[in-house]
Amino acid sequence: MNADFWSGKRVFLTGHTGFKGSWLSLWLQSLGSEVTGYALTPPTFPSLYAVADVAQGMTSIIANILDLPKLQETMQAARPDIVIHMAAQALVRQSYAQPVETYATNVMGTVHVLESVRNTPSVKAVLVVTTDKCYENKEEMYRAYHEHEPLGGHDPYSSSKACAELVTAAYRKSFLEQQGIAVATARAGNVIGGGDWAAGRLVPDILKAFEQNAFVQIRNPNATRPWQHVLEPLCGYLLLAEHLFAKGPAYAEAWNFGPNEEDARPVKWLVDQLALTWGNGAAWLQDPDQHPHEANYLKLDISKAKARLGWTPSWSLQTAIQNITQWHRAWLGQEDMKKLCLYQILQYSIAMQTKVT
Ligand SMILES: NC(=O)c1ccc[n+]([C@@H]2O[C@H](COP(=O)([O-])OP(=O)(O)OC[C@H]3O[C@@H](n4cnc5c(N)ncnc54)[C@H](O)[C@@H]3O)[C@@H](O)[C@H]2O)c1
């Protein structure tokens, strides 16, 4: 990461109270950026935002992206160089329960962010975070999705993120390109890391069961997902934002950030490895209940980010699992979690700089 670039940069980050937003806020703070966050209150209790004291070291605004006047006024007052849009209803299962709210937040929320950007002269680069689930999933085992493949989405969450991609493309072509603002989208896979307590996500469910010495019930043990530590896509976002800011339109397009081929693993492999690392005889059972549809096979082709941004994954899935276990045990032991997050970010940065590609 180019610390010289980020030092003093004014960054407007939506979704800073969430899991990924909290990690990114801490990373930007450690690089010396002036961060303004805009989000609702943390979506979970406990939350990484609270336990790692993320608010200290940035300007934190608790407000709704559906409130366009407030969003625009806040962005204009912050005078950002770079906008990173992460705020979203981010859960597939919740999108089945609340489709209207999911589309409102993920589609109109994105429209509001881009509309605010359009009316904020300081902005030079924008990154809209969507997901690997925005592709039309063919459920083919060996297929890895390239950036140019068709968008789709079986469930409301996935489809709302495909819509956010289309909204971003339209704003780019209709307005932002002419204004000299470079806007890209980032599609990352399932992220894992310390400090995630989202309901129904695999790693939080596993750790909660392990803490209580209970068996964890697994919905889809054979489903394959592109697992990656949360710092991997965040590193990709930062690199991409640097390129957007410095080089502009050539980078204003869609980008995949996923793990290496060998780390797209079945759910049961991940659970087994976490159980081994955790110890204490931790184990799992298959959940016998019926659940709404979730994709079975999902892999991303990351050759573009490797070739053009020089980005590659820096931690193996094993290293990611060790860091999650370390983080969770430290939290149970009431350690200083901000310090540990910053330590893990430093370890990641060292791995990134020293890896052989
Ligand atoms: N976690 C993953 O595995 C994953 C994978 C791919 C993409 N993503 C994307 O990354 C982004 C962050 O995901 P996350 O896991 O940190 O989610 P999260 O649920 O932990 O955080 C969501 C954030 O959005 C904010 N938010 C939600 N609705 C809002 C609204 N109406 N107005 C203002 N703020 C609002 C919340 O307050 C929170 O800060 C999302 O866009 C998500 O779709 C996540």
**OP:** May I ask you to list pairs of residues, at least six apart or on different chains, whose Cβ atoms are under 8 Å apart, with the first in the stretch 59-72 being in contact (Cβ under 8 Å) with a residue 40 or more places away in the chain and over 9 Å from Y38 (Cα atoms) and the second being surrounded by 15 or more Cβ atoms within 10 Å (Cβ to Cβ) and of a type in the set (G, A, S)?
**Re:** L66/A104; L66/G109; L68/S116; Q72/S116
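Quick one: which strands (runs of 3 or more DSSP E) lie wholly within the stretch 1-100 and hold at least 1 residues that are acidic (D, E)? Spell out how you get there, then give the answer.
Numbers: elements: 10-14, 34-39, 59-62, 82-85.
Hits in the stretch 1-100: 34-39.
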Original post:
Are any residues in the stretch 34-59 among the hydroxyl-bearing types (S, T, Y), under 23 Å from S122 (Cβ atoms) and open to solvent by 30 Å² or more (accessible area, probe 1.4 Å), and if so, which ones?
Top reply: T59
Subject >> Subset of the stretch 119-144 (residues that are in contact with a helix residue (DSSP H, G or I) (Cβ under 7 Å, 6 or more places away or on another chain) and away from the ligand (no atom under 12 Å from the Cβ)) >> reply: N119, T120, V123, K124, A125, V126
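Restricting the stretch 29-43 to residues that are within 6 Å of the ligand (Cβ to nearest atom) and free of Cβ contacts under 8 Å to residues at least 60 places away in the same chain, which is farthest from the chain's Cα centre (by Cα)? First the steps, then the outcome.
Going through the stretch 29-43, the residues within 6 Å of the ligand (Cβ to nearest atom) turn out to be 39-40, 43.
Okay, now just the ones that are also free of Cβ contacts under 8 Å to residues at least 60 places away in the same chain, so 39-40.
Details: A39: 15, L40: 16 Å.
Here the residue is L40.
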Subject >> Selection count where residues are open to solvent by less than 20 Å² (accessible area, probe 1.4 Å), among the hydroxyl-bearing types (S, T, Y) and farther than 29 Å from G180 by Cβ, scope the stretch 106-156 >> reply: 2
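Given the options E262, E242, name the one that is in a helix (DSSP H, G or I) and at pLDDT below 90.
On the way: E242 fails: at pLDDT below 90.
When all the criteria are applied, what remains is E262.
Take F210 and tell me if it is more than 12 Å from the ligand (Cβ to nearest atom), crowded, with 22+ Cβ neighbours inside 10 Å and assigned to a helix (DSSP H, G or I). Walk me through it before giving the result.
Numbers: more than 12 Å from the ligand (Cβ to nearest atom): yes; crowded, with 22+ Cβ neighbours inside 10 Å: yes; assigned to a helix (DSSP H, G or I): yes.
Considered against the rule, which asks whether it is more than 12 Å from the ligand (Cβ to nearest atom), crowded, with 22+ Cβ neighbours inside 10 Å and assigned to a helix (DSSP H, G or I), F210 comes out as yes.
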**OP:** Those residues that are within 16 Å of the ligand (Cβ to nearest atom) and either more than 23 Å from T312 (Cα to Cα) or open to solvent by 30 Å² or more (accessible area, probe 1.4 Å) (or both), I need them from the stretch 1-28; list them, please.
**Re:** V11, F12, L13, T14, G15, H16, T17, G18, K20
Subject >> In the stretch 1-16, the residues that are more than 21 Å from the chain's Cα centre (by Cα) and polar (S, T, N, Q) >> reply: S7
Original post:
For the subset of the stretch 241-263 comprising residues that are within 14 Å of the ligand (Cβ to nearest atom) and of a type in the set (A, V, I, L, M, F, W, C), which member is surrounded by the most Cβ atoms within 10 Å (Cβ to Cβ)?
Top reply: F257
**OP:** With the condition kept exactly as written, say whether any residue in the stretch 221-236 is open to solvent by 30 Å² or more (accessible area, probe 1.4 Å) and in a helix (DSSP H, G or I).
**Re:** no
Original post:
When you scan the stretch 314-357, how many residues do you find that are among the charged types (D, E, K, R) and either part of a helix (DSSP H, G or I) or surrounded by 15 or more Cβ atoms within 10 Å (Cβ to Cβ) (or both)?
Top reply: 3
Original post:
Is it the case that some residue within the stretch 64-80 is crowded, with 17+ Cβ neighbours inside 10 Å, away from the ligand (no atom under 13 Å from the Cβ), modelled with pLDDT of 95 or more and closer than 24 Å to W327 by Cβ?
Top reply: no
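The values are calculated or read from the model by the stated rules, or taken from the named source; none is laboratory data. If you're wondering where the values come from, they're calculated on a predicted model, not measured in any experiment. Methodologically, a virtual Cβ is constructed for each residue, glycine included, from the backbone with ideal geometry; neighbour enumeration extends over all protein chains shown. Protein only, heavy atoms only, side chains kept; ligands, DNA and RNA dropped before computing areas. Shrake-Rupley method; radii C 1.70, N 1.55, O 1.52, S 1.80 Å.
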